[in-house]
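Below: one structure, written as structure tokens.
Read-outs: derived from the displayed coordinates by stated rules, not from any lab. Since the structure is predicted, the reported quantities are computational estimates derived from the model, not experimental observations. Cβ coordinates were reconstructed from backbone atoms using ideal geometry, including for glycine residues, and neighbour counts include every protein chain displayed.
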Amino acid sequence: MSALWRPYAVPGVPASLRLAQGEGAYVTDSAGRRYLNAVGGLWNLSLGLGNDKIIERVCQQMRNMAYASLFDSTHTPAELLAERLISLSAGSMKFVYLSTSGTSAVEVALRVARLHHRANGHSSKQRILSFDRSYHGCSAMNLSASGIVRGDVEKWDEILPGFQLIPSPLDESSSLECLSRLLREDAGEIACLIMEPILGSGGIIVPSPEYCQTVTKLCRNADVLLIVDEVATGGGRCGSMFASNLLSLEPDIITLSKGLNSGYFPVGATLFSASTCLPIQRANIPIQFGSTQDGNPVGCATVLAALDIVAEEGLLDRVETLGHRIRSELTALAGERGAISVRGMGLMIGIELSHEYPDKRLFTELETQQVRMRCQEEGLLVYSFDSGISLFPPLTISDDEVEEMLEILRDVISGYIA
Ligand SMILES: Cc1ncc(COP(=O)(O)O)c(C=O)c1O
């Protein structure tokens, strides 16, 4: 029994894997066994492990000034990072709040959305809409907005008032029907809709650009802010800095974290459009929160280094090319006993598995976990969702490593569906 209490685990229960070292796309366990890491940590190791360019910048910043607060002062790494993120948004965003995780980035977004309407004199517009299969983080607010964990949370804790789920884009027409009805009937009570451009934990569900355009338009017409949660999709994972650009979403607020700096330091960022902030500036209302490590200079330096690498190495184009290749090779795997549906964008890839014979049905969670464990036994780490597995390899993955990943997947998956 371990003294360590891990996330989503009973106290003291150890994990099946004890990791000791990492290099590029590989990790090694304490027994010396090497794994190709296609989970990318928790979807965030976009540049792999042991990246010397990032490590050098971390050391430089640590030596120069390991910490400075943004409460009563400012510092160059935070100022530079805010400017850099705004320029990457091509001017659609105007201000940046820097924090320490995806959860904090989203919570800031939700609080500011409510504050925006209060500052505008519409204090009844406070309800937060989100999708059924969504995940937005683990604070009380974020869990209340996260459709995918709602059932589990409700068993042991309370959902905060003022949060409402709507059908996910898995069924675009019922999702739009519900959204447009709510925005027609209750617009005076609704502050914002928060959505992942691609539902990650919900099974890598990619909505159509037409759906995204309609969502943007409906929100705009109802004076409801659109928060696009790019914690998993942003930073290059999908072949663009922001997946919203690829899907014709026009956010008022964007949240970023995971892929921003490849996990080298805890960082979150929330980007706001000028029109989101204008009423708050006019009313001269300061936000009533802030955390000690928000905008930590070392964290900012890691993001600046990671963004430099993505640009210098032309990774966004490579991600798009590799994503197409991996998805088309996996699609060819359909077998006699089972079918496979491959979804995703860039290097965020979902593989849904279903039985054809003797009964047509999706794999169960237990079955997908078995597939995941088989991959692990073969030296490949993947993630699983209720009916399939997902891949988040580093954006720097080499052609040989892609081939190794595909070979293991072909072997394992055909064992279940061929
Ligand atoms: C879309 C999305 N938002 C928010 C979060 C929460 O991020 P974190 O785990 O860094 O708090 C996650 C984490 O998986 C996520 O996928």
What is the Å³ per residue value for the convex hull set by the Cα atoms of the chain? 153
In deg cm²/dmol, rounded to the nearest 500, the helical mean residue ellipticity at 222 nm of the chain, built from -39500 (n - 2.57) for every DSSP H run of length 4 or more, is -12500 deg cm²/dmol
By the C-alpha gyration tensor axes a ≥ b ≥ c (rounded if a/c is under 1.5, else prolate when a/b exceeds b/c, else oblate), the shape of the range 138-286 is rounded
Just add up the charged neighbours of residue 379: K/R +1, D/E -1, any other residue whose Cβ is under 9 Å from the Cβ of residue 379. -1
Dipole of the range 52-312, Cα-centred, from +1 at each Lys and Arg C-beta and -1 at each Asp and Glu C-beta, to the nearest 20 debye? 400
What are the ³J(HN,Hα) values, in whole Hz, obtained from phi via the Karplus relation 6.51 cos²θ - 1.76 cosθ + 1.60 with θ = phi - 60°, for each residue of the range 37-43 in sequence order, with x given for Gly and Pro? 9, 8, 8, x, x, 10, 6
Partner lysines for residue 217 [C-alpha distance under 30 Å; skip if fewer than 8 residues away on the same chain]: 94, 125, 258
Name the residues of the range 341-382 whose amide N is less than 17 Å from a point 7 angstrom out from the Cα of residue 16 along the C-beta direction? 364-382
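Counting only other residues whose beta carbon sits under 14 Å from that of residue 81, what net charge do I get with K and R as +1, D and E as -1? Don't skip to the end; give the middle numbers.
Values: positive: 57, 84; negative: 79, 83, 294, 308.
So the environment of residue 81 carries a net charge of -2.
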Residues of the range 26-47 with the amide nitrogen closer than 18 Å to a label point 7 Å from the Cα of residue 400, along Cα-to-Cβ, please. 26-28, 34-38
Hey, got the dipole for the range 314-417? About the Cα centre, +1 on K and R Cβ, -1 on D and E Cβ, debye to the nearest 20? 360
Dipole of the range 244-352 [Lys/Arg +1, Asp/Glu -1 at C-beta], most positive-end residue of 301, 345, 290: 290
Within the under-13-Å Cβ sphere about residue 178, not counting residue 178, Lys/Arg +1 and Asp/Glu -1 give a net charge of -4
For the range 22-32, take each phi angle, set θ = phi - 60°, evaluate the Karplus expression 6.51 cos²θ - 1.76 cosθ + 1.60, and give the result in whole Hz per residue in order, putting x for glycine and proline. x, 8, x, 8, 10, 10, 10, 8, 5, 8, x
Calculate, for residue 329 and residue 359, the FRET efficiency according to 1/(1 + (r/R0)^6) with r their C-beta to C-beta distance and R0 22 Å; round to the nearest 0.05. 0.20
Can you bin the range 314-417 into rounded, prolate or oblate? Criterion: square roots of the alpha carbon gyration tensor eigenvalues sorted a ≥ b ≥ c, rounded for a/c under 1.5, prolate for a/b above b/c, oblate for the rest. prolate
Which value, in debye to the nearest 20, describes the size of the charge dipole of the range 355-408 about its Cα centre when Lys and Arg Cβ atoms bear +1, Asp and Glu Cβ atoms bear -1, and nothing else is charged? 360
Report the calculated FRET efficiency for residue 275 and residue 87 (r = Cβ-Cβ distance, R0 = 22 Å), to the nearest 0.05. 0.75
In whole percent, what relative contact order does the chain give with Cα contacts below 8 Å and a gap of six or more residues? 20
Would you look at the GNM of the chain, springs on alpha carbons closer than 10 Å, and say which of 209, 11, 167 moves the most? 11
Furthest towards positive pole of dipole, 11, 108, 373, structure part the chain, Cβ charges: 108
